[in-house]
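The values are calculated or read from the model by the stated rules, or taken from the named source; none is laboratory data. None of these values were measured; they are calculated from a predicted model. Cβ: placed from backbone, ideal geometry, glycine included. Neighbour counts: every protein chain shown. Keep in mind that these areas ignore ligands, DNA and RNA; they rest on the heavy atoms of the full protein, side chains included. Shrake-Rupley method; radii C 1.70, N 1.55, O 1.52, S 1.80 Å.
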Amino acid sequence: LDRTDFNGASLDVNGCRYITFRNSAQYGVDANGLFDVIDSSFVMYHNNECAYTGYLGDDTFSGKDRHCVRPLYGSRHVWFVGSHIHSVSGDGMQSGNSANPNPQDQSPHYVYFGGNHVHFGRENAVDNKNSYHVVISECDIHDYYTNYGSDGGTAIILSNNDEGPWTGYHWIINSRVYDATHGIRDSSDQDGEINYAIGNLVYGIDAYALAE
């Protein structure tokens, strides 16, 4: 699917293989995710703009969780690359879900989030819940502050065990994280996974560059 604008409509990829969505835009719909990947594999999201869902204008957001991209249950080998994600009342990318009723092996695995520009949201640029092997690489992430909303102004939640115990083995590599209340948070020690933060530039942080 190429060069298509979705204005007020979301797109779900459910039970699919080998799907590419590129050079397109998704704007302003009151849905939990503008691009949800469920029980699908080999999905590419490339050079898209995803924005203005749950944004009310004048630096004000809806209190609803309205996310841009979500690799969810049963997802494998999903790539989000070179896209511009901004002005949402939820997360730029939320992998997994805090209310996962499914077995652990059905959590999303092998997600690549690379070369994206993600900024200005009520929650987080990336929030990893109930997921494994998520790589965040060479992203430009900024403008996440406590006064915007609910999630403490944390730009990246590398592993969110507080909202889903099955999550870990995530990486953030060679990314810039700046202008936020907190930079990168990781709670992986709750069940023994290992996560990695390597070669990142973190600056302009009001409180903690790295937090647990």
Residues satisfying the stated conditions in segment 108-124, i.e. assigned to a loop (DSSP other than H, G, I, E, B) and either hydrophobic (A, V, I, L, M, F, W, C) or under 14 Å from residue 32 (Cβ atoms) (or both): 122, 123
Any chance residue 133 is outside any loop (DSSP other than H, G, I, E, B), farther than 24 Å from residue 203 by Cα and not aliphatic (A, V, I, L, M): yes
The one condition in (1) open to solvent by 10 Å² or more (accessible area, probe 1.4 Å); (2) at negative phi that residue 57 fails to fulfil: (2)
Long-range neighbours under 7 Å by Cβ, at least six apart or interchain, first residue in contact (Cβ under 8 Å) with a residue 60 or more places away in the chain within segment 21-41, second open to solvent by 40 Å² or more (accessible area, probe 1.4 Å): 33/10
Among (1) modelled with pLDDT of 90 or more; (2) surrounded by 15 or more Cβ atoms within 10 Å (Cβ to Cβ); (3) within 21 Å of residue 115 (Cα to Cα) - the single one residue 198 does not satisfy: (2)
Selection count where residues are farther than 20 Å from residue 108 by Cβ and not in a strand (DSSP E or B), scope segment 49-82: 7
Residue tally, condition over 16 Å from residue 61 (Cα atoms) and open to solvent by less than 30 Å² (accessible area, probe 1.4 Å), over segment 83-117: 13
Options 189, 127, 162, 105; residue that is modelled with pLDDT of 85 or more and either part of a helix (DSSP H, G or I) or among the charged types (D, E, K, R) (or both): 127
Segment 1-48: number of residues that are of a type outside the set (Lys, Arg) and in a strand (DSSP E or B): 27
Residues (in contact with an Asp or Glu (Cβ under 6 Å, 6 or more places away or on another chain) and at positive phi) located in segment 11-29: 15, 23
Residue match in segment 91-114 (condition: in contact with an Asp or Glu (Cβ under 7 Å, 6 or more places away or on another chain) and charged (D, E, K, R)): yes
